[in-house]
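Okay, structure first, notes after.
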Amino acid sequence: MSKVLVNNYPVLIIVLPLVVAFALSLVKWKPVQRGMVLLTLLFMASYSGFLLHQATKGVNTLVVIAGVTPPMGINLYFSKMSSLLIFLITLASSIIYFYSFFYKREEPELKFNVLFLLITLGATGIVATGDLFNFFVFLEIASISGYALTGFNKDKLGTEASIKYLIIGSLSSIFVLIGIALIYAETGTLNMADIANKLKTADSLIKSMIFLLFLTGIGIESELFPLNGWAPDAYVGAPTPVSAFFSSGLVKAAGVYSLGRIMFSVLGIGEFEKSIIIVIAASTLLISEGIAMVQTNIKRLFAYSSMGQVALVILALSTGDAVTGGAGIFQLINHALFKLSLFLLLGNLALKMGGKELENLRGAYKKSPFVTAIFTLLLFALVGMPPFSGFVSKFFIITGLFSKNHYVLVIIILLSSFFEVYYVLRIVKTLYSPAVKTSNAPNQEVKMSSASVVPIVILVLLTIGMTFYYRDILNFFNTVYQEFSNRNMYINNILKITASVKSTGAFLNFL
Amino acid sequence: MTELVFYGGSFLLIFLGLFIALMKKNLIKIILGLSVAETGVNLLLISIGYIKGKTAPIFSVKGLTPQSMVDPVPQALVLTAIVIGVAVTALALSITVRLYKKHKTLDVRKLKNLKW
């Protein structure tokens, strides 16, 4: 049985980035700005790693804001799943930010730093919150920073991508807000655990309407079919660090978490609605991987690939089985790390070869053999080849589905893996084919040293190491998933702490 | 009975706003449609908190008790939602200005640089 600790210090994970983001405009020196952002992101990552360690030992952390206890007040809830996802989001974000130093400087840099910090904060807040209106506010913070970051290159592609993302993202916020209005009309409260308690005895017609509204709203954010038309355009038009941020699935991971939390814990949907989510996720997977086969722009190809992989994760999380769910969470982490590394190496290669189309990368093995080799290894890891950890997660998703007799889903996943292998091999063939003598001179003034690849090599070795401990890792993720899908434990953990907070006094906890 | 007017009106506004956002081809009209839809949602949120015969939740006159006020929680929600709507509309219009400078058109049918 897990305990709940009421501790107010984790609110710094939300407050510190906000304070730093607005204090950045007071600092004039660029290295100090960059250092502040990097230190804030590393602080968030390490603190959430510490909370994850505590949650693994059975102590979940609940932050009670201003001493007003849960049914009435605002609270943040750091369980195993949420602290794991916050750790992933902030760690990946700090790696991307560190690597963005090596690229062309985004002008104006102050605004890029502020927006990058705010989008990380938004994604973190979506995962950490226990209150429905805070969820909406953090969703909007992440979305608005996303709109601005997508249009950061002031060229034709960037502005077009940004306005497309903005219009469709506004639709998502409208649907989520109508859903919140209906929930408030039905239950009279905005605290997620309290809503979960009160919706147990609610009318099923209202629950279906709320389910549809939230599915549309959060589905636009998590890029489910047919709500993902904006996503490939947004990834192509954005500058490379921002594309890496979107494509490794950090805001999408927050979307997956909120989908799981609102659908399973708060609404408590039944088998029929879960099967709707499974159908949508399976069709996203198949269609995205299929479209990725015909792409010639590598950024767009990776965009479609990311959409498909996160749909696979949603598929695995919705089946309700502990083995499949745990493997799905592992797949989310693997995919985020591999996609991140692929994008950063793609930036490296594109600088040397002069462009991001597939044709530009022809013959890259001659110009930078080491980077091309690591790139190829990461592509194989993404598909799920052993000995990388992608193999473990995909294998256990497929066997978990097979043992529950979901044969159609197994066929869909295998078919989409077949598509993945096709486009991965196409990229590898282009990389290793003889170079064509073109007058397309690479960008000579910006050079990325091969030494920047070293952290990625360490990451690759780490994933190989993770494959050897796969049983322990999968058992851990099984427990994470079981805690995530346990509705009554969520309600009890948050609502029953009232007595202990009143007796010790929440103000004393903060001191 | 008057609550039906509020609910019906807000859903009508949302429907109209979505209709405008889907059917119009001029980018500024699309953004206006989104703004109308957000206004409809805010109206829906406030009318959920309305109790007949009660007054605004501000302690303006001495002796006003919380029992004679409408629900203040949706009003806090709507304040936040209005601010967010204003920010998104401002961002949308500034991107539209830059888009007009680059593409020389506001017709969404002509934004075809990113295909497939």
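Structure notes:
- Meets criteria (more than 9 Å from chain A (Cβ to nearest Cβ) and of a type in the set (Asp, Glu)) for B:ASP71: no
- Matching residues, the stretch B:101-116, being farther than 29 Å from A:PHE175 by Cα and either facing chain A (nearest Cβ under 9 Å) or open to solvent by 50 Å² or more (accessible area, probe 1.4 Å) (or both): B:LYS101, B:LYS102, B:HIS103, B:LYS104
- Just so you know, in the stretch A:184-205 the residues that are at the interface with another protein chain (Cβ under 10 Å from one of its Cβ atoms) and open to solvent by less than 40 Å² (accessible area, probe 1.4 Å) include one that is nearest to the chain's Cα centre (by Cα), and it is A:LEU190.
- Verdict on B:ILE30 being under 14 Å from the mean Cα position of the chain (by Cα), in contact (Cβ under 8 Å) with a residue 40 or more places away in the chain and over 28 Å from A:ASN191 (Cα atoms): yes
- Residues in the stretch A:140-173 that are within 29 Å of A:ASN75 (Cα to Cα), in contact (Cβ under 8 Å) with a residue 40 or more places away in the chain and within 10 Å of chain B (Cβ to nearest Cβ): A:SER143, A:GLY169, A:LEU171, A:SER173.
- Subset of the stretch A:359-371 (residues that are assigned to a helix (DSSP H, G or I) and either under 22 Å from A:THR463 (Cβ atoms) or open to solvent by 10 Å² or more (accessible area, probe 1.4 Å) (or both)): A:GLU359, A:ASN360, A:TYR365, A:LYS366, A:LYS367, A:PRO369, A:PHE370, A:VAL371
- Filter result (among the β-branched types (Val, Ile, Thr) and open to solvent by 40 Å² or more (accessible area, probe 1.4 Å)) within the stretch B:55-82: B:THR55, B:ILE58, B:VAL61, B:THR65, B:VAL73, B:THR80, B:ILE82
- Scanning the stretch A:140-152 for residues that are assigned to a helix (DSSP H, G or I) and either within 18 Å of B:PRO74 (Cβ to Cβ) or open to solvent by 10 Å² or more (accessible area, probe 1.4 Å) (or both) returns A:GLU140, A:ILE141, A:ILE144, A:ALA148.
- Meeting the requirement of 3 or more residues that are out of contact with any Phe, Trp or Tyr (no Cβ under 9 Å at 6 or more places or on another chain), the strands (runs of 3 or more DSSP E) wholly within the stretch A:1-120 are A:3-6, A:75-78.
- Number of positions in the stretch B:74-87 that are in contact with a Leu (Cβ under 8 Å, 6 or more places away or on another chain), without any contact (Cβ under 8 Å) to a residue 40 or more places away in the chain and at the interface with another protein chain (Cβ under 9 Å from one of its Cβ atoms): 2
- Pairs with Cβ under 6 Å, 6+ apart, first in the stretch A:470-498 and in contact (Cβ under 8 Å) with a residue 12 or more places away in the chain, second open to solvent by less than 20 Å² (accessible area, probe 1.4 Å) and of a type in the set (Phe, Trp, Tyr): A:PHE477/A:PHE330
- Hey, B:VAL108 closer than 27 Å to A:ILE141 by Cα and not aromatic (Phe, Trp, Tyr) or not: yes
- A:SER452 vs. criteria at pLDDT below 75, of a type outside the set (Phe, Trp, Tyr), assigned to a helix (DSSP H, G or I) and open to solvent by less than 80 Å² (accessible area, probe 1.4 Å): yes
- Output for the stretch A:347-358, where each listed residue is among the small types (Gly, Ala, Ser) and either in a helix (DSSP H, G or I) or buried (at least 19 other Cβ atoms within 10 Å of the Cβ) (or both): A:GLY347, A:ALA350
- Lone unmet requirement of (1) within 21 Å of A:VAL114 (Cβ to Cβ); (2) of a type outside the set (Phe, Trp, Tyr); (3) open to solvent by 10 Å² or more (accessible area, probe 1.4 Å); (4) modelled with pLDDT of 85 or more for A:THR240: (4)
- Those residues of the stretch A:380-425 which are open to solvent by 60 Å² or more (accessible area, probe 1.4 Å) and assigned to a helix (DSSP H, G or I), in sequence order: A:PHE391, A:PHE395, A:PHE402, A:SER403, A:TYR407, A:VAL408, A:ILE411, A:LEU414, A:LEU415, A:PHE418, A:TYR422, A:LEU425
- Any chance A:VAL279 is open to solvent by less than 20 Å² (accessible area, probe 1.4 Å) and not small (Gly, Ala, Ser): no
- Top-ranked residue of the stretch A:214-237 - restricted to ones that are away from chain B (no Cβ under 13 Å), in a loop (DSSP other than H, G, I, E, B) and open to solvent by 10 Å² or more (accessible area, probe 1.4 Å), ranked as nearest to A:ILE95 (Cα to Cα): A:ASN228
- Against the test of being more than 14 Å from every other protein chain (Cβ to nearest Cβ), farther than 15 Å from A:ILE398 by Cα and either among the aromatic types (Phe, Trp, Tyr) or open to solvent by 10 Å² or more (accessible area, probe 1.4 Å) (or both), the options A:ILE298, A:ILE374, A:ILE287, A:ILE291 yield a single qualifying residue, A:ILE374.
- In the stretch A:87-125, the residue that is farthest from A:LEU342 (Cα to Cα) out of those that are open to solvent by less than 10 Å² (accessible area, probe 1.4 Å) and among the aliphatic types (A, V, I, L, M) is A:LEU121.
- The condition of being modelled with pLDDT under 85, more than 19 Å from A:TYR77 (Cα to Cα) and outside any loop (DSSP other than H, G, I, E, B) holds for only one of A:VAL460, A:VAL428, that being A:VAL460.
The values are calculated or read from the model by the stated rules, or taken from the named source; none is laboratory data. All of these numbers come straight from a predicted model, not from anything done at the bench. Using ideal geometry, Cβ is built from the backbone for each residue, glycine included, and neighbour counts are taken over all protein chains shown. Protein only, heavy atoms only, side chains kept; ligands, DNA and RNA dropped before computing areas. Shrake-Rupley method; radii C 1.70, N 1.55, O 1.52, S 1.80 Å.
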